[in-house]
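Chemist: Below is the structure I would like to discuss, written out as structure tokens.
The values are calculated or read from the model by the stated rules, or taken from the named source; none is laboratory data. Keep in mind that this is a model prediction, so the values were computed, not measured. Cβ placement follows ideal geometry from the backbone for every residue including glycine, while neighbour counts extend to all protein chains displayed.
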Amino acid sequence: MKIGLVGYQGSGKSTLFQWLVGRKPEMDGKGTALATAPIPEPRVEALCEIYHPKKVTYASLEIVDTPGLSRDQVGNVSRLGHLREADYLVCVVPVFDGSDVKKEIDAFLEEMVLADLEIAINRLEKVHEQQKRHLPKDQLDKLAVEEAILQKVKTGLEEGHPVKADEMNEEEYKATRSFRFLTEKNRMILVNTGDDETDHASYEKYSTADVPVRAVSVGLEVELAQMPADERKSFLDEMGLTSTSRDEFIRLLMDFSGQMVFLTAGEKEVRTWLMRKNGTAIEAAGCIHTDFIKKFIRAEVVACDDLIRLGSEREVKAQGLNHREHKDYVVQEGDVLLFHISQ
Ligand SMILES: Nc1nc2c(ncn2[C@@H]2O[C@H](COP(=O)(O)OP(=O)(O)O)[C@@H](O)[C@H]2O)c(=O)[nH]1
Ligand SMILES: [Mg+2]
């Protein structure tokens, strides 16, 4: 799961990266940095007391820091190109410098629409050039389909509408997939407030059905993350400041991006895995190994909380709380799964 950080230059993306992954970004030649942020899962510790595993592995999110956008729009499309691979976007909107939050949010959302519009227009130009050539009929037919879709997307973007996958038919969906429009991606806005902001919740009212808004003082959080826990608490109390922990924010990201954690547990390894919410047992099996999809026989399921409460698999079984499931079982957050596969 790749989480792309976007925003204007100086909005606090690299500071956010540092907070999430625990170190400053080391940029490659394109101004991009990639690192993983482990997903906190407090229940792992309790499982370790049951299994005493040789190894513990946490699922993680991949965080991609990117070069910031320029407010004059020059070169923005190529800067945003790095994000086309991202599964979810966090748009960082700065207000720590006193900017008006509503204006900043609107400006940035419009920036993404403009970037997509530029992509649609460029592609349309290429399609029109190809249409002038003497190509075989099947190729011309394909181009005509693509042109119609791009025109529709372009008109929508010109009216300020994001590209929406759920409003497309199969053919349109396939064609737009390859362009990887930014506004088509799920995203949230992170308002980066000044350290002295105490009412972070008040920013949530800027959320829309498509784009949730949350506020964090990212600069302050980086400082807090470097303090020992007890010092952190007294510092916050003394200064009258409020904080969102990194773990809370990662959980929020998981929730907004439609992901959840399931677990596998044994004496060899206790491990957390990431999968989409409402995914099925066969998808979970595929997360572990693509081979498991073909060889899937059934899954043994135990709720992590039952296992921890009762202290052993044996006790869970004695109470009849384990269940065997087929491949279309909808995995629940915190399920501990054991897959039976054919040899
Ligand atoms: N006061 C304050 N300054 C911040 C905050 N976040 C970032 N900054 C400052 O803003 C500048 C740009 O931050 P950076 O993370 O590099 O922005 P980027 O260009 O989006 O990567 C740096 O000087 C940061 O110290 C914040 O929450 N509060
Ligand atoms: Mg940066």
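Chemist: Please go through the range 134-157 and give me each residue that is closer than 13 Å to ASP116 by Cα and hydrophobic (A, V, I, L, M, F, W, C), ordered by number.
Modeler: Result: LEU150, VAL153, LEU157.
Chemist: For the subset of the range 42-71 comprising residues that are among the hydroxyl-bearing types (Ser, Thr, Tyr) and within 12 Å of ligand 1 (Cβ to nearest atom), which member is surrounded by the fewest Cβ atoms within 10 Å (Cβ to Cβ)?
Modeler: That would be SER70.
Chemist: Quick check, is HIS128 part of a helix (DSSP H, G or I) and modelled with pLDDT of 90 or more?
Modeler: Against the criterion (part of a helix (DSSP H, G or I) and modelled with pLDDT of 90 or more), HIS128 qualifies.
Chemist: May I pose another question? So ILE308 ticks every box in (1) touching a Lys or Arg at 6+ places or on another chain (Cβ under 7 Å); (2) in a strand (DSSP E or B); (3) closer than 24 Å to PRO42 by Cα but one. Which box is left unticked?
Modeler: So ILE308 meets the others, but not (2).
Chemist: Here's something else I'd like to know. Is there any pair linking a residue in the range 11-33 that is under 16 Å from ALA86 (Cβ atoms) to one that is near ligand 2 (Cβ under 8 Å from one of its atoms) and aromatic (Phe, Trp, Tyr), with Cβ under 8 Å and at least six apart or on different chains, and which?
Modeler: Note: pairs meeting the criteria are PRO25/PHE17; ALA33/PHE17.
Chemist: Checking the structure you have, find out if any residue of the range 87-95 is hydroxyl-bearing (Ser, Thr, Tyr) and within 14 Å of ligand 1 (Cβ to nearest atom).
Modeler: No, because not a single residue in the range 87-95 is hydroxyl-bearing (Ser, Thr, Tyr) and within 14 Å of ligand 1 (Cβ to nearest atom).
Chemist: Where in the range 206-263 are there helices (runs of 4 or more DSSP H), lying fully within it, with 1 or more residues that are surrounded by 14 or more Cβ atoms within 10 Å (Cβ to Cβ) and either more than 16 Å from ligand 1 (Cβ to nearest atom) or at pLDDT below 90 (or both)?
Modeler: 229-239, 246-256
Chemist: Would you say ALA285 is part of a helix (DSSP H, G or I), among the small types (Gly, Ala, Ser) and without any contact (Cβ under 8 Å) to a residue 60 or more places away in the chain?
Modeler: For ALA285, the condition - part of a helix (DSSP H, G or I), among the small types (Gly, Ala, Ser) and without any contact (Cβ under 8 Å) to a residue 60 or more places away in the chain - is met.
Chemist: Among the strands (runs of 3 or more DSSP E) confined wholly to the range 1-90, which include 1 or more residues that are hydrophobic (A, V, I, L, M, F, W, C) and within 16 Å of ligand 2 (Cβ to nearest atom)?
Modeler: Of the strands (runs of 3 or more DSSP E) lying wholly inside the range 1-90, those with at least 1 residues that are hydrophobic (A, V, I, L, M, F, W, C) and within 16 Å of ligand 2 (Cβ to nearest atom) span 2-7, 33-38, 60-65.
Chemist: Residues in the range 181-190: is at least one within 30 Å of VAL127 (Cβ to Cβ), part of a helix (DSSP H, G or I), touching a residue at least 24 places away in the same chain (Cβ under 8 Å) and among the charged types (D, E, K, R)?
Modeler: Looking for residues that are within 30 Å of VAL127 (Cβ to Cβ), part of a helix (DSSP H, G or I), touching a residue at least 24 places away in the same chain (Cβ under 8 Å) and among the charged types (D, E, K, R), one finds none in the range 181-190, hence no.
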